[in-house]
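A.B. asks: Please find one structure pasted underneath; my questions will follow.
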Amino acid sequence: MRTRQTISEPICFEGIGIHSGKPAKITLTPRCSGGIRFIKDNVEIPADYRFADASLRSISLIKDNLHIMVVEHLLAALWICQISDLLIDVQGEEIPALDGSAMPFVEKIHQTTRKELGKVWERESVMHPIRVTRDESEIIYFPDSSESLIATVILSYPEPGIDDEVETLNLYSPDLSTELAPARTFAFCSWIEQLKQRQLIQGGSLNNAVVFDEQGKLLNEQGFRMGRECSRHKLLDLIGDMMLYPRRLTGRIISYKPGHALDLKFLRILAKETGNE
Ligand SMILES: [Zn+2]
């Protein structure tokens, strides 16, 4: 059973935004209730799938024409550190990319003490399987009686570099700080020009992404940080997206060709089928 927690003192992160390439700064401040909320220009936006958009290959939160881009790796860090309630003050258009993983967020949050809020993080009860498809992508979820959420991702890209990678982890494992947090986002060279033309990944570099060239060779001189780093990053994205759902899900989930838009569609259907829309 997971209990609700916040941090005991404010924490700042500064860097650049991966999409805008502009300076980005956030301040995390403790909060005793209300879940995870972002604030920008005096407008509060809850970390909630109903305010989320996945059209920029990442998760943006949108309210009253205010956009906060690329929230998923920070949210994944909060999942890993079991932080349920927090106010995140955002200066800039997006969350700092840092090294393209959740590790810098997790490390700094782990350096502060956590404050237990004396409440249980409510569990979602689902009685039947759920299947969601989007183009060639698919999620199959089925409940079980455990306290775990066992997730499998299956990657499949036409570009060379990542062979059909499969990874399975318990998303409530106490070891996610080492198993998932360091896994960086990734891109193929063939994507980069197209994304830049859309004014995306202006701040992208080998310092914040794993990049494969046209032959599938890794361009990062230091190599991978871990085995199956790309599929582990997809699991990291999944927990970031699951933070947009107010309750903790248990059971088993299989995601083929995973992606943020598919995750959001799954959360919307999950909410509808459990009467929590
Ligand atoms: Zn990601």
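A.B. asks: Within region 91-101, which residues are open to solvent by 10 Å² or more (accessible area, probe 1.4 Å) and in a strand (DSSP E or B)?
C.D. replies: Q91
A.B. asks: Which is over 18 Å from R247 (Cβ atoms) and among the polar types (S, T, N, Q), of S125, S33, S58?
C.D. replies: S58
Rundown of residues vs (1) in a strand (DSSP E or B); (2) exposed (fewer than 13 other Cβ atoms within 10 Å of the Cβ), yes/no style:
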| site | (1), (2) |
| --- | --- |
| V126 | no, no |
| R131 | yes, yes |
| E138 | yes, no |
| Y141 | yes, no |
| S145 | no, yes |
| A151 | yes, no |
| P158 | no, yes |
| G161 | no, no |
| D164 | no, yes |
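A.B. asks: List the number of the failed condition for T168; all other conditions in (1) in contact (Cβ under 8 Å) with a residue 24 or more places away in the chain; (2) in a strand (DSSP E or B); (3) open to solvent by 30 Å² or more (accessible area, probe 1.4 Å) hold.
C.D. replies: Result: T168 fails condition (1) only.
A.B. asks: Please indicate, with yes or no, whether at least one residue in region 184-192 is in contact with a strand residue (DSSP E or B) (Cβ under 6 Å, 6 or more places away or on another chain), at pLDDT 95 or above and of a type in the set (V, I, T).
C.D. replies: no
A.B. asks: Which ones in region 238-264 are within 15 Å of R57 (Cβ to Cβ) and either touching a Gly at 6+ places or on another chain (Cβ under 8 Å) or among the basic types (K, R) (or both)?
C.D. replies: K257
A.B. asks: Kindly indicate whether any position in region 103-111 is within 16 Å of the ligand (Cβ to nearest atom), out of contact with any helix residue (DSSP H, G or I) (no Cβ under 6 Å at 6 or more places or on another chain) and of a type outside the set (A, V, I, L, M, F, W, C).
C.D. replies: yes
A.B. asks: When you check S20 against the structure, is it touching a residue at least 24 places away in the same chain (Cβ under 8 Å), of a type in the set (S, T, N, Q) and either within 16 Å of the ligand (Cβ to nearest atom) or buried (at least 19 other Cβ atoms within 10 Å of the Cβ) (or both), yes or no?
C.D. replies: Spelling it out, S20 is indeed touching a residue at least 24 places away in the same chain (Cβ under 8 Å), of a type in the set (S, T, N, Q) and either within 16 Å of the ligand (Cβ to nearest atom) or buried (at least 19 other Cβ atoms within 10 Å of the Cβ) (or both).
A.B. asks: Considering each residue of region 230-262, count those that are more than 17 Å from A77 (Cβ to Cβ), open to solvent by less than 10 Å² (accessible area, probe 1.4 Å) and within 15 Å of the ligand (Cβ to nearest atom), and give that number.
C.D. replies: 4
A.B. asks: Going by the conditions given, is T6 at pLDDT 95 or above, over 28 Å from T250 (Cβ atoms), surrounded by fewer than 24 Cβ atoms within 10 Å (Cβ to Cβ) and touching a Cys at 6+ places or on another chain (Cβ under 7 Å)?
C.D. replies: no
A.B. asks: Would you mention how many residues in region 38-65 are more than 16 Å from the ligand (Cβ to nearest atom), outside any loop (DSSP other than H, G, I, E, B) and of a type in the set (D, E, K, R)?
C.D. replies: Residues that pass the stated criteria total 4.
A.B. asks: Continuing with this model, one more query. Looking only at region 71-89, decide whether some residue is within 16 Å of the ligand (Cβ to nearest atom), at positive phi and open to solvent by 40 Å² or more (accessible area, probe 1.4 Å).
C.D. replies: No, there is no match, as no residue in region 71-89 is within 16 Å of the ligand (Cβ to nearest atom), at positive phi and open to solvent by 40 Å² or more (accessible area, probe 1.4 Å).
A.B. asks: Failed condition for I130, given (1) more than 16 Å from the ligand (Cβ to nearest atom); (2) in contact with a His (Cβ under 7 Å, 6 or more places away or on another chain), with all others met?
C.D. replies: Tallying (1) more than 16 Å from the ligand (Cβ to nearest atom); (2) in contact with a His (Cβ under 7 Å, 6 or more places away or on another chain), I130 fails exactly one: (2).
The values are calculated or read from the model by the stated rules, or taken from the named source; none is laboratory data. All values derive from a computational prediction rather than experimental measurement. Ideal geometry is used to build each Cβ from the backbone, glycine not excepted, and the neighbour counts take in all protein chains shown. To get the accessible areas, we keep the full protein, side chains included, count just its heavy atoms, and leave off ligands, DNA and RNA. Shrake-Rupley method; radii C 1.70, N 1.55, O 1.52, S 1.80 Å.
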